[in-house]
Ligand code: SF4
């Protein structure tokens with residue numbers, strides 16, 4: 001068995017474990033072997049005509065989902081382009097689907113997200129009727145401790161660097177547990193169970209997505 005087949009097999013087995021974990025937490029998981037397959041799965045879940053909002057989900061861009069939804073027969077709520085940002089935000093809370101990614105995830109299905117403005121974590125909790133996470137296998141961690149470490153030391157500093165924020169991590173590349181006015185680490189969301197069956201869906205993608 002060559003190295004690539006080994007990795008493929010290992011990721012598939014790992015994904016099966018994550019999907020089982022999600023099911024035990026009242027969430028639904030899917031495994032996609034490639035970005036193309038992930039896009040197909042996502043589009044099969046979201047009916048045409050749906051209203052869609054999103055919060056900083058690079059992975060949804062990377063599989064081509066945002067482009068497909070913007071160009072398709074959907075009502076995509078683009079908060080960045082909206083003249084009235086508050087109205088667009090409130091409309092997002094009432095959307096049919098919310099697109100998200102995870103900063104990290106445990107191999108038994110717990111999702112971890114850190115947020116600054118907190119629209120993303122609040123909409124994962126409540127509001128949009130359904131939530132769709134696109135998660136690359138690079139985000140899967142052995143346990144919650146590892147997932148928190150990944151979210152704080154990999155995802156958050158990379159995000160802060162991407163936005164050119166004035167935080168210690170943009171210089172060091174590591175979390176310094178700052179309380180800078182620019183910090184993007186205001187809220188930490190650990191999603192360990194969904195009260196509402198069928199609301200949260202996670203597509204695990206056999207690729208490196210986001211950061
Ligand atoms: S707490 Fe501050 S230093 Fe740590 S990742 Fe967040 S913004 Fe960066």
Inset, instruction - Could you tell me whether region 104-121 includes any residue that is surrounded by fewer than 17 Cβ atoms within 10 Å (Cβ to Cβ) and either more than 30 Å from residue 173 (Cβ to Cβ) or out of contact with any helix residue (DSSP H, G or I) (no Cβ under 8 Å at 6 or more places or on another chain) (or both)? - result: yes
Inset, instruction - For region 175-187, state whether one or more residues are within 16 Å of the ligand (Cβ to nearest atom), touching a strand residue (DSSP E or B) at 6+ places or on another chain (Cβ under 9 Å) and part of a strand (DSSP E or B). - result: yes
Inset, instruction - List every residue pair whose Cβ atoms sit under 6 Å apart, with the two residues 6 or more apart in sequence or on different chains, where the first one lies in region 157-181 and is within 15 Å of residue 115 (Cα to Cα) and touching a residue at least 24 places away in the same chain (Cβ under 8 Å) and the second, anywhere, is within 6 Å of the ligand (Cβ to nearest atom) and part of a loop (DSSP other than H, G, I, E, B). - result: 159/184; 160/167; 160/184
Inset, instruction - Please work out which residue is nearest to the chain's Cα centre (by Cα), limiting yourself to region 1-33 and to residues that are within 19 Å of residue 102 (Cβ to Cβ) and in a loop (DSSP other than H, G, I, E, B). - result: 27
Inset, instruction - Please list, ordered by first then second residue, the pairs with beta carbon atoms under 6 Å, 6 or more apart or interchain, first in region 7-28 and within 17 Å of residue 198 (Cβ to Cβ), second modelled with pLDDT under 95 and loosely packed, with under 14 Cβ neighbours inside 10 Å. - result: 26/197
Inset, instruction - Would you please name the residue that is farthest from the chain's Cα centre (by Cα), looking only at residues in region 138-164 that are away from the ligand (no atom under 12 Å from the Cβ) and not in a helix (DSSP H, G or I)? - result: 164
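The values are calculated or read from the model by the stated rules, or taken from the named source; none is laboratory data. As the structure is a computational prediction, the values presented were derived from the model and not from experiment. Using ideal geometry, Cβ is built from the backbone for each residue, glycine included, and neighbour counts are taken over all protein chains shown.
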